[in-house]
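Any read-out appearing in this document is the output of simple, stated calculations on the displayed coordinates, not a laboratory observation. Everything quoted here is computed from the prediction, not taken from an experiment. Virtual Cβ from ideal backbone geometry, glycine too; neighbours counted across all protein chains shown.
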There are 4 protein chains.
Amino acid sequence: MSAPTFGGVVPPLVTPLTADGAVDLESFERLVNHLIDAGVDGLFVLGSSGEVAFLSDADRTVVLTEAVRISAGRVKIMTGVNDMTPARVVAQIRLAEAAGVDAIVATAPFYTLPNQAEIETHFRLLAAATTLPIFAYDVPVRVHNKLSLDMLIRLGAEGIIAGVKDSSGDDVGFRRLVMANRAAGSPLVVFTGHEVVVDGALLLGADGVVPGLGNVDPKRYVDLFAASKAGDWEAVRRIQDELSELFEIVFQASGVSGEAAGLGAFKTALAHLDIISTNRMSPPVPALAGETVERIQAIVDRAGLLVR
Amino acid sequence: MSAPTFGGVVPPLVTPLTADGAVDLESFERLVNHLIDAGVDGLFVLGSSGEVAFLSDADRTVVLTEAVRISAGRVKIMTGVNDMTPARVVAQIRLAEAAGVDAIVATAPFYTLPNQAEIETHFRLLAAATTLPIFAYDVPVRVHNKLSLDMLIRLGAEGIIAGVKDSSGDDVGFRRLVMANRAAGSPLVVFTGHEVVVDGALLLGADGVVPGLGNVDPKRYVDLFAASKAGDWEAVRRIQDELSELFEIVFQASGVSGEAAGLGAFKTALAHLDIISTNRMSPPVPALAGETVERIQAIVDRAGLLVR
Amino acid sequence: MSAPTFGGVVPPLVTPLTADGAVDLESFERLVNHLIDAGVDGLFVLGSSGEVAFLSDADRTVVLTEAVRISAGRVKIMTGVNDMTPARVVAQIRLAEAAGVDAIVATAPFYTLPNQAEIETHFRLLAAATTLPIFAYDVPVRVHNKLSLDMLIRLGAEGIIAGVKDSSGDDVGFRRLVMANRAAGSPLVVFTGHEVVVDGALLLGADGVVPGLGNVDPKRYVDLFAASKAGDWEAVRRIQDELSELFEIVFQASGVSGEAAGLGAFKTALAHLDIISTNRMSPPVPALAGETVERIQAIVDRAGLLVR
Amino acid sequence: MSAPTFGGVVPPLVTPLTADGAVDLESFERLVNHLIDAGVDGLFVLGSSGEVAFLSDADRTVVLTEAVRISAGRVKIMTGVNDMTPARVVAQIRLAEAAGVDAIVATAPFYTLPNQAEIETHFRLLAAATTLPIFAYDVPVRVHNKLSLDMLIRLGAEGIIAGVKDSSGDDVGFRRLVMANRAAGSPLVVFTGHEVVVDGALLLGADGVVPGLGNVDPKRYVDLFAASKAGDWEAVRRIQDELSELFEIVFQASGVSGEAAGLGAFKTALAHLDIISTNRMSPPVPALAGETVERIQAIVDRAGLLVR
């Protein structure tokens, strides 16, 4: 029996909270099973969607440990090791290793003001500190640097990184990455982190997708991915259009932060579906409320997700 | 006989220059015929690719007049009316009307610091000043504002604008625009202005493409569009990959401006193909030279474009 | 008799409009005399504060011609030659030359995406096209490039530019410019374009100031500059604090563009002082209205400006 | 005996490293004494200049403990509590409290995408978690949000924050902050974090300065501050000009990150002055080397700092 490989649909799990603000382990278990039952290929815990930046080390450890326990080897577990610089990221890697995850996902340094050479050194230092596969997370909206194409291909060819999770919003760059990776013998597993352009990403050759919306509707992403493998692009488009309609939940709030609107919508939808218990967010982010919640619920209902 | 409609492949023509820096009318005629012979659906003159920002009003008039004369009704002519504010854009619209083009393409105000309400007023003032169809050109990298989705749909529904040329680099926003337009009864013709993600754009429902690279290889874009209409998405992807390889010409220069690298590459390729006479750029932009030119020529040759 | 030199207080005049939107020549004459009577050292017409980006060439010509006629040699006239690229700026320079102004003020290219080398070529081409002194206008918030220190000093040393109007908001860069200019033998006349940090700018060695707020209260800027020349820095600070209180007029509007809030406040104050007839702005910018106007009037009244 | 108050010259200490990359405690002790002997009013440890983002929690604890031990109550100790969100910053506050510092300095959340309301909640949560005075650190170049004027005044008036360290580079905003604070009864102690515009900042009413360059030349900053208190603004300017010449050390490197160039220059100068042992930086930042080091040493020598 060969080890499961990376790729396909790997949702970045939200981290459910109780009404008191603690990590809600019961909800988390329901969420993990909800996703695995839907047929996802892997789980990405402690990503931006998992509010990693808001969680203490103790809470991060709980999430990691529980994810490994609940999934019980059914799918691969990737995890964010979110911190500013090599010395601090390595401390996070140790938590991930102790919990027994399968791969880590690391951004460029942030808060600091690195150039591309320092970013490359950063990834090399992480690789020297662990045997876990490393995925580079390209998220300039948060870290304010784009990972350069040449660097990614070079780090892939040398085995420093195993893949890329692209949340750069740069579709031209994404195609160039996929093409350059193919020309280099495909050392990298390339994921798109965007929810509503997965059809195009798969058409051009992406290996997988890490969709925050996949928390809410994992089944359609699984179907979409299968249709792409079958070459049925009309089906891919149709399912993507349905998911894109559902994605409108993230645009319902106004006057709140992007975190509150986007992650808050995912949690609000999951609470509406009784998968998690509350739509509570980590401080200082407020939970969505009032008419925004109602609009989100209506969109979820229109998508036909309420099966209970 | 019905009027030709907007959509399909509409390359934004470069403006060829002589060695003295004048508009090169002979080269321009060859370019227009090169594109029409390849089967394009329309021509977009005086866009960013046409160096509109660099041309005097006299030169703009020459380009417009010649484009209309040479195309002789074979395809529709769209034109940029590039200036900062309504009063000044209207003066450009008068030049376009006098030349007899079929539609105009206008950006948000720039240099000034408008909000979305002022941008909307801007388009309303332009529409009040002309009977020509107006396409909104969404190009935040140049004007530093993104056109809002709600505004575009509202202006479309009211008949203020006829369509959108999207060069925003925001693929999520592009899908939302296409979906919202469809939900509104498709009042807008939606073009993507990006060269290497046309496959995905067409899969999700774009009406056409305005590819700068289409100056160099119009035939492949025509074939790609036809394949999409036929639902042959594997062919679409294959042709897009070939075009994406060719698009690498814009990444060959280093240490020069985006204008010099990108438009300079298009002109360098066209000169190599003997369609235009020089790769000269408008001041203060230098022409590409030396090894950069050789690398571009090699890429063009690999694409199998040199048929003479 | 020697020619007047550049420096000191040079307000960037607003362009008054009639209720119909035409340039209001009577108001403009009152404004020019208001400023000269207050003792300003020069006038800057057709700057950003003069809504240059919104005016047709015909209106620009009217403003230039009238400014020269009314000032009648009492003070120097500087003028903006606002357009995107060398070919188009030179056309604006011709208007300025025909009107008989004393100097021109030019930005880096905009809308296009130049690098510093192209920006330098831009200024060299302008200098080759005119004998008028050229001031480089450093305004990254509008043109999205900062003029490099090395380039400015080099262009000054070669006599390509006569000075710099710094509206970059980069106070560290401003001090470095003043120091580098001094080390180079002071080839440049260095103006700050910021209203509320003139005390510090003069303390560190600026040659003058181009304050939009100087339309409203030219006398205090003249007094402030005189106090700095006398080395009375406590007086400089006191006057600057008074002007800074008055500058709060630009922060009274909400939900409108920067143009509407800032220039709109200057025009609203000037209309309240009966110097100009309306606070109307050029399309698509709305005039300020309602309680915003009342708040601005109250601030103006507190400053003791209403002498009629 | 009253408690020492906050204000005056408070240098943000670099964190010296040994050749092995460990915190160099001997160098740190020399640095602390170098600064206190020069007459500074306080010490700011674990700021951006202290490479806080690069240090593990263990190293942070060492720095805090040593700073408190060495200073032995001679001056106040402020410290950065650098992390992304309230839950994680509070963990850092616990380290600071355990070490016995006098005040903490906190930024807005980063990596996350907060709005101003969430930023305000963030500071309120920190205040609820500690009795230490909190200084808000306004550093948009790192956290990509500017702290709003209204929020800062409100938090000051309510006693949530004790002051502001402004490294925003927005001199207009800084003057508005100082004026609004004065109008509110001066609840805030306002520091500028910029090295070369301290003269203007003190003229307009700043309470103190946190200059990275103060590591290298604390005496001149102490003299400058004293001259400002004496109202001798010509002396203030002269000393500031000398410091500005010295500040050119940060512009000597090319092709490296801002961190490497700026902090690297401070460390290189301090090593040249034999105050610290190496100019080594924390990974992934390289130490400056070669001709860059020589140019920095020459600038330091010209400033007359090499007294040994």
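General observations
- Prolate/oblate/rounded label for the protein assembly as shown (Cα gyration tensor, a/c 1.5): oblate
- The phi torsions of region B:274-282, fed into the Karplus equation with coefficients 6.51, -1.76 and 1.60 and a -60° offset, translate into couplings of 6, 7, 10, 8, 9, 9, 4, 10, 6 Hz, rounded to whole numbers, with Gly and Pro shown as x.
- Axis-nearest residue in chain B [Cβ, rotation onto D], distance in whole Å: B:G255, 6
- Counted over the protein assembly as shown, the DSSP beta bridges are approximately 5% antiparallel.
- Projected over all directions and averaged, the alpha-carbon convex hull of region A:107-264 occupies 10.2 nm².
- Gyration tensor verdict on region D:1-111 (Cα atoms; rounded if a/c is under 1.5, prolate if a/b is larger than b/c, oblate otherwise): oblate
- Look at the alpha carbon pairs under 8 Å that are at least 6 residues apart: their mean separation over the length of chain B gives a relative contact order of 19 percent.
- Percent of Cα-Cα distances greater than 31 Å, calculated over region A:8-218: 14 percent
- Amide H contacts of A:K76: A:L43, each under 5 Å away and 5 or more positions distant or on a separate chain (H built 1.01 Å from N in the peptide plane; Pro and chain starts excluded).
- Taken one residue at a time, the phi angles of region C:168-182 give Karplus couplings (6.51, -1.76, 1.60, θ = phi - 60°) of 7, x, 10, 6, 5, x, 5, 5, 4, 5, 4, 5, 5, 5, 4 Hz. Gly and Pro are set to x.
- Packing-based order for C:41-49, A:186-194, C:57-65, using average beta carbon neighbours within 10 Å, highest first: C:41-49, A:186-194, C:57-65
- Put simply, the amide H of D:G100, placed in the peptide plane, has no neighbours under 5 Å, leaving out anything fewer than 5 places away on its chain.
- Lysines whose Cα lies under 19 Å from that of C:K146, excluding same-chain neighbours fewer than 8 positions away: C:K165
- For chain A, the Cβ-based charge dipole about the Cα centre amounts to some 520 debye (Lys, Arg positive; Asp, Glu negative; other atoms uncharged).
- Label 7 Å beyond Cα on the Cβ vector: C:D37 copy-to-copy distances, nm: 6.5, 7.2, 8.3
- Positive-pole candidate from A:L125, A:L17, A:V62, dipole of region A:8-218, charges at beta carbon: A:L125
- Inter-probe distance in nm under a simple model that places probes 7 Å from Cα toward Cβ, at B:D274 and C:E29: 6.8 nm
- All lysines inside 19 Å of B:K229 as judged from Cα atoms, apart from same-chain residues fewer than 8 positions distant: B:K219
- Cα centroid of region D:209-246 to Cα centroid of region A:35-86, whole Å: 51 Å
- Per residue, the average separation of C-alpha pairs within less than 8 Å and at least 6 apart gives region A:221-274 a relative contact order of 22 percent.
- Whichever aspartates and glutamates have a C-alpha closer than 12 Å to that of D:K76, once near sequence neighbours (fewer than 8 apart) are set aside: D:D41, D:D102
- Chain B, helix-only ellipticity at 222 nm - DSSP H runs n ≥ 4, -39,500 (n - 2.57), divided by all residues, nearest 500: -14500 deg cm²/dmol
- Cβ-based exposure ranking for B:D241, D:D83, in which fewest neighbours within 10 Å come first: B:D241, D:D83
- Long-range HN-HN contacts of A:V209 with modeled amide H, under 5 Å: A:G8, A:V9, A:V10, A:T192
- Region B:152-170 and region B:277-308 have Cα centres separated by 34 Å.
- HN-Hα J in Hz across region B:98-112 - Karplus 6.51, -1.76, 1.60, θ = phi - 60°, x for Gly and Pro: 4, 7, x, 6, 9, 6, 10, 10, 10, 8, 4, x, 9, 6, 6
- Going from the residue with the fewest nearby Cβ atoms within 10 Å to the one with the most, A:E51, C:E234 rank C:E234, A:E51.
- Order of A:T79, D:T112 under a 10 Å beta carbon neighbour criterion, fewest first: D:T112, A:T79
- Applying 1/(1 + (r/R0)^6) with R0 = 56 Å to the Cβ-Cβ distance of B:A128 and C:A183 gives a FRET efficiency near 0.50.
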